[in-house]
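Visitor: First the structure, then my questions, so here it is.
The values are calculated or read from the model by the stated rules, or taken from the named source; none is laboratory data. Since the model is a prediction, treat every value here as computed from it, not as a measurement. Methodologically, a virtual Cβ is constructed for each residue, glycine included, from the backbone with ideal geometry; neighbour enumeration extends over all protein chains shown. Side chains are part of the model used for accessible areas, which takes the heavy atoms of the whole protein and leaves out ligands, DNA and RNA. Shrake-Rupley method; radii C 1.70, N 1.55, O 1.52, S 1.80 Å.
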Amino acid sequence: MQLHRLFQVSALLRSSVSLTLRRNLGLSAVVFNKAKDMDPVQKLFLDKIRDYSAKSKASGGIVDAGPAYQKNLNEEVSKLERLYGGGDLTKFPDFKFTEPKLDEASK
């Protein structure tokens, strides 16, 4: 009797996995096809994002940032350096953890 139930559960699980895989493959096929037939507004939006990304890489930062922006940025960075004790604020901090000394309890 237990073996029969195991086969039933196995068959149910197999059909469920099969259905899930078919749905996921079908959905991803639709997504890939839609990328080819993109809406003109979506295409324009993506083109603008790519254009801004290229300009940002070429200028090395914010696109069309004037001297007022740079002055404000420098002031804010100096405030943060004073507040948090200096250091390079553009770099992720290095953490050093020391191993605690564990003494075995004597019995």
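Visitor: Hey, can you find the accessible area per residue of region 55-107 for me, probe 1.4 Å, expressed in square angstrom? Write down the numbers at each step before the final one.
Guide: Numbers: 5490 Å² over 53 residues.
Roughly 104 Å² per residue, with all protein chains present.
Visitor: I need the shape label for region 32-107. Rule: rounded when a/c is under 1.5, else prolate if a/b > b/c, else oblate, with a, b, c from the alpha carbon gyration tensor.
Guide: On the way: a/c = 5.15, a/b = 1.66, b/c = 3.11.
Cα axes put region 32-107 in the oblate bin.
Visitor: If each of Lys71 and Ser16 carries a label point 7 Å out from its Cα toward its Cβ, how far apart are those two points in nm?
Guide: That separation, rounded to one decimal, is 6.5 nm.
Visitor: I'd like the accessible area for Leu73: 1.4 Å probe, protein heavy atoms, all chains in place, Å² to the nearest 10.
Guide: 70 Å²
Visitor: Work out from phi, with θ = phi - 60° and the Karplus expression 6.51 cos²θ - 1.76 cosθ + 1.60, the ³J(HN,Hα) of each residue of region 57-69, listed in order in whole Hz, and give x for Gly and Pro.
Guide: Those phi angles translate into 5, 5, 8, x, x, 6, 6, 6, 7, x, x, 5, 5 Hz.
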